[in-house]
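Enquirer: First the structure, then my questions, so here it is.
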Ligand code: HBI
Ligand code: FE
């Protein structure tokens, strides 16, 4: 791609200026509405590390956060920064940023009339959902490792296998804590309806996380998940960050892709879903 093909203001790493001063009062109000709704829900639902990260960051209830301020605090704690992008960026661009501890966050915010509808990750999903856990040293290393691994997986033609691991952990993961199941996936904690569904609804399966099993399992991008995978502690992800996936790719690539709702005899079930939600749509 030639520099001259880029939209005005977009750099060749796809980053743009956040232009924080240009957000309108209406846009800050959308943030405020989402923030208030979500914060009420997440006490006792999100994992402790998420809630701790949220408290420690300059994320206010009534204003879209300024990425420069977020980055200043993140840098000190885990060496991460937040950079603005227009929306989804190509896989390699995304991985290159993560591998260098830069989190690409959507600059725009959803419309007030479509609070629960998202085609691409916006500033609420990316900042409210992802950034608090980047304050945690385990997640900080894990997401960087995903960036490094993503570049390799893309070369090998096995990105779909790795992308499932990201999906079922970083985006839609559940973790067991002393007082029960909690949320850590950004796709869940940034969604009002899925924060309730993932934890409280009898419909979805909740299955112990198993790496090759997850690599085999297709996921839903346009609806609640049919299966959530549960880790016992965030430390499980640290172990993953240090695992060589190459031999697993070879094994798993031979196996059939599993549909999102499939349960295998060897699965360790935390909860067997009754399937009402997704069955009603089939
Ligand atoms: N771009 N901005 C942005 N955010 C993402 O989460 C993202 C992306 N590009 C590619 C991508 N995710 C995924 O398809 C990869 O994680 C596989
Ligand atoms: Fe995300």
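The values are calculated or read from the model by the stated rules, or taken from the named source; none is laboratory data. Just so you know, these numbers come straight off a predicted model, no measurement behind them. As a convention, Cβ positions derive from the backbone with ideal geometry for all residues, glycine included, and neighbour counts pool all protein chains shown.
Enquirer: Name the single residue that is nearest to residue 46 (Cα to Cα) among those in the range 129-155 being over 12 Å from the mean Cα position of the chain (by Cα), away from ligand 1 (no atom under 14 Å from the Cβ) and assigned to a helix (DSSP H, G or I).
Expert: 135
Enquirer: Looking at this structure, is residue 126 within 12 Å of ligand 1 (Cβ to nearest atom), at pLDDT 95 or above and under 25 Å from residue 13 (Cβ atoms)?
Expert: Details: within 12 Å of ligand 1 (Cβ to nearest atom): yes; at pLDDT 95 or above: yes; under 25 Å from residue 13 (Cβ atoms): yes.
When the stated conditions are applied, residue 126 passes them.
Enquirer: Now for a separate question. Name the residue that is surrounded by the most Cβ atoms within 10 Å (Cβ to Cβ), counting only residues in the range 171-202 that are within 12 Å of ligand 2 (Cβ to nearest atom) and in a helix (DSSP H, G or I). Explain how you work it out, then say what you get.
Expert: Step one: of the range 171-202, the residues within 12 Å of ligand 2 (Cβ to nearest atom) are 171-173, 185-191.
If we keep only those that are in a helix (DSSP H, G or I) too, we end up with 171, 186-189.
Details: 171: 22, 186: 23, 187: 22, 188: 26, 189: 28.
In this case the residue turns out to be 189.
Enquirer: Any residue in the range 26-40 that is modelled with pLDDT of 95 or more, loosely packed, with under 12 Cβ neighbours inside 10 Å and closer than 18 Å to residue 200 by Cα? Break it down stepwise before answering.
Expert: Quick first cut of the range 26-40, residues modelled with pLDDT of 95 or more only: 26-40.
Pick out the ones that are also loosely packed, with under 12 Cβ neighbours inside 10 Å and you get 26, 40.
Applying the additional criterion that residues be closer than 18 Å to residue 200 by Cα yields 40.
Looking through the range 26-40, at least one residue is modelled with pLDDT of 95 or more, loosely packed, with under 12 Cβ neighbours inside 10 Å and closer than 18 Å to residue 200 by Cα.
Enquirer: Okay, moving on. Can you report the number of residues in the range 84-109 which are closer than 24 Å to residue 188 by Cβ, within 16 Å of ligand 2 (Cβ to nearest atom) and surrounded by 14 or more Cβ atoms within 10 Å (Cβ to Cβ)? If you could, list the steps in order and put the result at the bottom.
Expert: First pass over the range 84-109, keeping only residues closer than 24 Å to residue 188 by Cβ: 84-85, 87-89, 91, 94-95, 97-98, 101-109.
Pick out the ones that are also within 16 Å of ligand 2 (Cβ to nearest atom) and you get 84-85, 87-89, 91, 94-95, 97-98, 102-109.
So of that shortlist, the ones also surrounded by 14 or more Cβ atoms within 10 Å (Cβ to Cβ) come out as 84-85, 88-89, 91, 94-95, 97-98, 102-109.
So the answer is 17.
Enquirer: Another question about this same structure. What pairs come up if the first residue lies in the range 110-121 and is without any contact (Cβ under 8 Å) to a residue 24 or more places away in the chain and within 14 Å of residue 187 (Cβ to Cβ), the second is within 16 Å of ligand 1 (Cβ to nearest atom) and part of a helix (DSSP H, G or I), and their beta carbons are under 8 Å apart, counting only those six or more places apart or on different chains?
Expert: Close Cβ pairs satisfying both conditions: 118/125.
Enquirer: Counting only residues that are under 19 Å from residue 196 (Cβ atoms) and touching a strand residue (DSSP E or B) at 6+ places or on another chain (Cβ under 9 Å), which one in the range 119-135 is farthest from ligand 2 (Cβ to nearest atom)? If you could, list the steps in order and put the result at the bottom.
Expert: If we filter the range 119-135 for residues that are under 19 Å from residue 196 (Cβ atoms), which is where we start, we get 124-125, 128-129.
The next check asks that each one be touching a strand residue (DSSP E or B) at 6+ places or on another chain (Cβ under 9 Å); those that pass are 124-125.
Values: 124: 11, 125: 6 Å.
Step by step, filter the range 119-135, then rank; the result is 124.
Enquirer: Another question about this same structure. Across the range 240-261, which residue is surrounded by the fewest Cβ atoms within 10 Å (Cβ to Cβ) among those that are in a loop (DSSP other than H, G, I, E, B) and touching a strand residue (DSSP E or B) at 6+ places or on another chain (Cβ under 7 Å)? Let's see the steps before the verdict.
Expert: Quick first cut of the range 240-261, residues in a loop (DSSP other than H, G, I, E, B) only: 242-245, 254-257, 259-261.
Filter once more, keeping what is touching a strand residue (DSSP E or B) at 6+ places or on another chain (Cβ under 7 Å): 260-261.
On the way: 260: 16, 261: 19.
Result: 260.
Enquirer: Then there's this: Taking the range 215-239 as the search range and keeping residues that are crowded, with 21+ Cβ neighbours inside 10 Å and part of a helix (DSSP H, G or I), which one is farthest from ligand 1 (Cβ to nearest atom)?
Expert: 237
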